[in-house]
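*Asks:* Once you've had a glance at the structure underneath, I'll fire off some questions.
The values are calculated or read from the model by the stated rules, or taken from the named source; none is laboratory data. This is a predicted model, so every value here is computed, not measured. Virtual Cβ from ideal backbone geometry, glycine too; neighbours counted across all protein chains shown. The area values use the complete protein model at the heavy-atom level, side chains included, leaving out ligands, DNA and RNA. Shrake-Rupley method; radii C 1.70, N 1.55, O 1.52, S 1.80 Å.
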Amino acid sequence: MSEEFKAKVRDISSLGLGIVDHPSGKVFFVPGTWVGDEGIFRIESEKKRYGHARLIKLETTSPVRVTPSCPHHGFEFGSCGGCPWMMVEYNEQLVAKTKFVSQAMKRANLLTSVDALKPIWASPKTLGFRNRAQFKTDGKRIGYVSAGSHEIAEIEDCLILNDKCRDLLVGLRKQLPSENWKASPGHDWNFIEIDDGLEAEAIKLNARQAFKQADEDQNLRMKSWLEDKISNLSEKDRGPIVELFCGSGNFTEILSRFSSHQTLAVESTPHSLEKLKDRDLVNVEVLQADIFLSESWGKIKSSMPEARVLVLDPPRIGFKSISKFIENFPSLQKIFYISCSIPDFIRDISSLVGWELSELQPVDQFPHTPHLELLAELTRREDAPQKA
Ligand SMILES: C[S@@+](CC[C@H](N)C(=O)[O-])C[C@H]1O[C@@H](n2cnc3c(N)ncnc32)[C@H](O)[C@@H]1O
């Protein structure tokens with residue numbers, strides 16, 4: 001039997017796990033625990049400097065624990081692993097997220113002033129906010145991935161989804177059992193993506209939907225932030241604009257409102273670009289390109305050699321070559337970077353020379369998880385090299 005030990009959770013890791021100290025001094029990470037929890041922990045796996053453990057018996061309960069509203073929430077086999085912080089008061093989740101950002105920024109020494117880090121925008125709703133989901137199905141069950149495993153956790157309902165998505169889930173469950181949804185040999189499941197813009201008849205097996213910001217209330221706020229930022233620039237500095245990772249035009253729609261300047265919107269996924277073209281935006285040129293390939297940059301540069309604003313909203317892995325990319329745009333004055341990964345964001349902006357992080361706005365789009373969205377404004381330093 002694995003070793004058990006008594007400990008108290010003293011902090012939360014950036015991946016959202018409780019941190020406890022083993023009597024030997026080694027650190028263990030524990031899912032489903034919060035600062036103030038005390039009890040018996042069992043070692044599950046161990047490396048030289050740290051390990052993972054499981055809570056076996058809770059003897060003292062953290063004062064900020066609450067009863068999770070979802071019956072599927074949990075950390076045992078068969079429970080849904082989707083909302084690992086649902087057992088904690090929402091305000092405490094925000095405190096933890098704020099600490100993640102401020103500590104990471106302090107370590108990286110990136111903020112120009114303490115005022116540059118703005119208070120986090122709480123989600124207006126903590127249930128019913130999510131407008132999309134990816135379910136797994138093996139033809140017998142439909143659900144999410146079970147906590148700490150590679151199994152389907154069957155779900156009857158998902159309370160964080162909005163009403164339209166919950167209705168779509170009800171319709172999908174009615175189709176069970178389904179021969180067509182059986183996993184093919186060598187696979188554990190098929191996936192089904194839904195979003196609140198889809199009708200039930202349009203749902204297909206293993207078909208990716210175009211990216212969509214998951215919380216529409218927070219998305220509207222993010223779009224207003226970008227609109228205000230660009231409105232506040234001088235007429236001369238508002239454009240031309242290069243927008244990277246534009247998806248189906250969520251932010252492009254805002255950029256197109258600045259009629260005095262053209263925007264070049266770049267994206268690789270064809271079905272996102274089709275949706276963007278359907279919007280019929282004025283002042284926008286669209287380019288299909290793989291932004292991670294430096295060979296694509298020549299086309300972007302030749303369309304917008306005088307770009308003064310760069311807007312980018314990359315996938316979770318960020319844009320590692322951002323500093324090399326912007327060397328092609330010596331007239332750039334502002335970068336608006338929308339990020340969903342603190343470490344990748346820090347890596348990217350740390351690579352920029354001659355730029356300062358003038359504002360960082362954390363946004364909670366993902367209640368009950370450790371995930372966080374960041375809106376960043378970067379300004380070229382006055383002493384930085386400018387275009388002659
Ligand atoms: C976080 S989403 C943002 C989309 C959009 N800004 C929005 O708000 O809906 C990132 C986008 O980057 C696109 N993407 C991922 N890798 C890419 C690449 N190598 N080149 C171009 N676009 C890419 C994805 O298809 C996705 O649309």
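*Asks:* For region 56-204, take N as its residue count and report Rg(C-alpha) divided by 2.2 N^0.38 Å.
*Replies:* Computed over Cα atoms of region 56-204, the ratio equals 1.29.
*Asks:* What base-10 log of the normalised intensity I(q)/I(0) is obtained for region 4-60 from the Debye formula, alpha carbons as equal point scatterers, at q = 0.22 Å⁻¹?
*Replies:* Debye output, listed in q order: -0.72.
*Asks:* Taking the Cα centre of region 4-60 as origin, work out the dipole magnitude from +1 charges on Lys and Arg Cβ and -1 charges on Asp and Glu Cβ, in debye rounded to 20.
*Replies:* Values: 10 positive and 8 negative charges, 45 e Å.
Here region 4-60 has a charge dipole of around 220 debye.
*Asks:* While we're here: On the accessible surface of region 132-202, probed at 1.4 Å, how many percent belong to carbon and sulfur atoms? Don't skip to the answer; put the middle values down first.
*Replies:* On the way: 1720 of 3710 Å².
Ligands and nucleic acids excluded, carbon and sulfur give 46 percent.
*Asks:* Provide the per residue accessible area, probe 1.4 Å, for region 132-202, rounded to a whole number of square angstrom. The partial results should precede the final answer.
*Replies:* Details: 3710 Å² over 71 residues.
Per residue, region 132-202 has 52 Å² of solvent-accessible surface.
*Asks:* Same structure again: Restricting things to alpha carbons, tell me how big region 132-202 is in terms of Rg and Dmax, in Å.
*Replies:* 11.8, 35
*Asks:* For a quick check, take a GNM of the chain with Cα springs below 10 Å and name the residue from 89, 38, 327 with the largest mean-square fluctuation.
*Replies:* Of 89, 38, 327, the most mobile in the Gaussian network model is 327.
*Asks:* Might you tell me the accessible area per residue for region 34-118, computed with a 1.4 Å probe and given in Å²? If you can, show how the numbers build up before the last one.
*Replies:* Working: 4820 Å² over 85 residues.
With all protein chains present, region 34-118 gives 57 Å² per residue.
*Asks:* Could I ask something else about it? If you roll a 1.4 Å probe over region 32-124 with all protein chains in place, what percent of the accessible area is carbon or sulfur? All intermediate terms of the calculation are to be shown ahead of the outcome.
*Replies:* Values: 2720 of 5150 Å².
Looking at region 32-124 in its full context, I get 53 percent from C and S.
*Asks:* Could you size up the charge dipole of the chain around its Cα centre, putting +1 on the beta carbon of Lys and Arg and -1 on that of Asp and Glu, and report it in debye to the nearest 20? Walk me through the numbers before you get to the answer.
*Replies:* On the way: 50 positive and 55 negative charges, 153 e Å.
The dipole magnitude comes to about 740 debye.
*Asks:* How large is log10 I(q)/I(0) at q = 0.23 Å⁻¹ when the Debye formula is applied to the Cα atoms of region 265-324, each weighted equally and without solvent?
*Replies:* Reported log10 I(q)/I(0), two decimals: -1.17.
*Asks:* Give me the Debye-computed log₁₀ of I(q)/I(0) at q = 0.10, 0.14 Å⁻¹ for the chain, equal point scatterers on Cα only, no solvent, two decimals.
*Replies:* Rounded to two decimals, the profile gives -0.77, -1.29.
*Asks:* Further question on the same structure: By how many degrees, between 0 and 90 and to the nearest 10, does the Cα long axis of helix 163-174 differ from the longest principal axis of the chain?
*Replies:* 50
*Asks:* Where is the GNM fluctuation largest for the chain (alpha-carbon springs, 10 angstrom cutoff): 127, 276, 205?
*Replies:* 205
*Asks:* Using a Gaussian network for the chain with springs between C-alpha atoms less than 10 Å apart, which of these wobbles most: 65, 130, 49?
*Replies:* Between 65, 130, 49, it is 49 that shows the largest mean-square fluctuation.
*Asks:* Of the accessible area of region 247-388, with the probe set at 1.4 angstrom, what percent is carbon plus sulfur? List each step's numbers first, then the result.
*Replies:* Working: 2990 of 5910 Å².
Roughly 51 percent, rounded to a whole number.
*Asks:* Is region 206-254 rounded, prolate or oblate when judged by the Cα gyration tensor, a ≥ b ≥ c being the square roots of its eigenvalues, rounded requiring a/c under 1.5 and prolate requiring a/b larger than b/c? Before the final figure, lay out each step's value.
*Replies:* Numbers: a/c = 4.90, a/b = 1.78, b/c = 2.75.
Oblate is the answer for region 206-254, as a/c is 1.5 or above yet b/c matches or exceeds a/b.
*Asks:* Hey, what angle do you get for helix 90-108 against the long axis of the chain, alpha-carbon based, 0 to 90 degrees rounded to 10?
*Replies:* The angle comes out near 60 degrees.
*Asks:* Looking at 186, 197, 148, which one has the Cα that reaches farthest to the positive end of the dipole of region 132-202 (charges on Cβ: Lys, Arg +1; Asp, Glu -1)?
*Replies:* 186
*Asks:* A further question on this structure: Could you state the angle between the C-alpha long axis of helix 216-231 and the longest principal axis of the C-alpha atoms of the chain, as a value from 0 to 90 degrees rounded to the nearest 10?
*Replies:* Once rounded, the angle reads 30 degrees.
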